[in-house]
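Novice: For reference, the structure I am asking about is given below.
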Amino acid sequence: MGAGMSGGRRRGAGVGWGSGPSSGMLPLLALQVILEYGRAGASRPPVTAALIAANALVYLRPGALDAFLPPLSRVAFNPHLIIQYGDLTRFFLSAFYHLSETHFFYNMTSLLWKGIQLETSMGSVEFASMVTALLGLSQGFTLLLSKGLLLLGNETAYYDQYAVGFSGVLFGMKIVLNAWSDDYVFLHGMVIPAKYAAWAELLLIQAFIPGTSFIGHLSGILAGLAYLWIKRSYSGPDPLSLLISGIANVVSWPVKFAQRLLRPGRRQGGRVGRRAARESARGMWRCVACTFDNSPSVDICEMCNSMREDRVFPNRQHLQDGGSSDLSVDEIRRRRLQRFDR
């Protein structure tokens, strides 16, 4: 969450991007994305691109999506409605809605910068798991803080405030990104350690933009800290990452299958090669002299009468069978041709 709405303003909020005149920030955002993903050697992290695209589609509402997507007033985060009626639509979708072009632009540029760094270092599966965890944790902390304020006598945060935006997840990402950083950042005339930048930004945004959701941003910071604590405390594989990886494998299986079908050289060895592979699996052994595949029940090649090399037999038995290991090159070639002409 990022931008908050009062109860009165909420009734008028139900429109998407096209509700007002454009301030020219969308082309600038598109240019930033093209520069990051189009430059030579760029990593092009797919999950970050998908998140930006999802937020853009929800805000632009092009074509049939306008009728399919619920209006902003139906998804704005309100603790009372979520707890009272179990409204999961507000719990999850509110993060992907934005009030204005400016609100959308700043959140997406922040997502572009943080997402590329985190996804490149963590990997796409773990990054997707982290974003999912931060989304659930930040929204959950918002419910807890609002309920706590209600118990202390402050009803505004619980009943009257409605919030939307991806800022809660972004604050959590900032905590994760700077958790082990020893760098310093310059923020509105102040030089502070990068690991504390999210806390300073929380206070500065609230001071300069009073209409934002302080609880939503604070919940994002707490979500980032909780995520780091969970990662440090739990050393096993991340169940959420395993789930996302499994879903990705299922979704990508048809593409991989089609690639195997179209890949050149798939049928190595043709019919004979496939037969040899099947026979080898059943214990067949191949003669080194004529390459004939023999049954495991015999120790003398049925084609050229050569001994099986991985076993030692008495010379007498070999001679009784009429075998000879001193075959000429022409004789071996003739027997090979005879084998394939059968």
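The values are calculated or read from the model by the stated rules, or taken from the named source; none is laboratory data. Worth saying up front: this structure is predicted, and the values here are computed from it rather than measured. Here Cβ is always computed from backbone atoms with ideal geometry, including for glycine, and neighbour counts include all displayed protein chains. These accessible areas exclude ligands, DNA and RNA; they are computed on the full protein's heavy atoms, side chains included. Shrake-Rupley method; radii C 1.70, N 1.55, O 1.52, S 1.80 Å.
Novice: May I ask you to list the residues in the stretch 114-165 that are of a type in the set (Phe, Trp, Tyr) and crowded, with 17+ Cβ neighbours inside 10 Å?
Specialist: Those that are of a type in the set (Phe, Trp, Tyr) and crowded, with 17+ Cβ neighbours inside 10 Å: PHE127, PHE141, TYR158, TYR162.
Novice: Of the numbered conditions (1) surrounded by 12 or more Cβ atoms within 10 Å (Cβ to Cβ); (2) farther than 22 Å from ILE209 by Cα; (3) at pLDDT below 95, ILE52 satisfies every one except a single condition; which is it?
Specialist: Of everything listed in (1) surrounded by 12 or more Cβ atoms within 10 Å (Cβ to Cβ); (2) farther than 22 Å from ILE209 by Cα; (3) at pLDDT below 95, ILE52 misses just condition (3).
Novice: Has the stretch 169-177 got any residue that is farther than 18 Å from SER138 by Cα, of a type outside the set (D, E, K, R) and surrounded by 12 or more Cβ atoms within 10 Å (Cβ to Cβ)?
Specialist: no
Novice: Report yes if ALA40 is in contact (Cβ under 8 Å) with a residue 12 or more places away in the chain and farther than 22 Å from ILE215 by Cα, otherwise no.
Specialist: no
Novice: May I ask you to say which residue of ILE215, ILE209, ILE175, ILE192 is touching a residue at least 40 places away in the same chain (Cβ under 8 Å), of a type in the set (Val, Ile, Thr) and farther than 18 Å from LYS114 by Cα?
Specialist: Of ILE215, ILE209, ILE175, ILE192, the one residue that is touching a residue at least 40 places away in the same chain (Cβ under 8 Å), of a type in the set (Val, Ile, Thr) and farther than 18 Å from LYS114 by Cα is ILE215.
Novice: If you scan the stretch 8-30, which residues turn out to be surrounded by 10 or more Cβ atoms within 10 Å (Cβ to Cβ) and at pLDDT 85 or above?
Specialist: Hits for the stretch 8-30 are MET25, LEU26, LEU28, LEU29, ALA30.
Novice: What is the number of the single condition among (1) farther than 23 Å from PHE171 by Cβ; (2) in contact (Cβ under 8 Å) with a residue 40 or more places away in the chain that ALA56 does not meet?
Specialist: (1)
Novice: If you don't mind, another one. Go over the candidates VAL58, VAL33 one by one and state the one that is surrounded by 15 or more Cβ atoms within 10 Å (Cβ to Cβ), at pLDDT below 95 and more than 30 Å from LEU151 (Cα to Cα).
Specialist: Being surrounded by 15 or more Cβ atoms within 10 Å (Cβ to Cβ), at pLDDT below 95 and more than 30 Å from LEU151 (Cα to Cα) holds for just one of VAL58, VAL33, which is VAL33.
Novice: Exactly one of these conditions fails for ALA248: (1) modelled with pLDDT of 75 or more; (2) of a type in the set (A, V, I, L, M); (3) open to solvent by less than 50 Å² (accessible area, probe 1.4 Å). Give me its number.
Specialist: Failing condition for ALA248: (1).
Novice: More than 18 Å from GLY168 (Cβ to Cβ) and not in a helix (DSSP H, G or I) - does that describe any residue in the stretch 212-231?
Specialist: no
Novice: Just give me the residues in the stretch 71-113 being of a type in the set (Gly, Ala, Ser) and open to solvent by less than 40 Å² (accessible area, probe 1.4 Å), in sequence order.
Specialist: Scanning the stretch 71-113 gives SER73, ALA76, SER94, ALA95, SER110.
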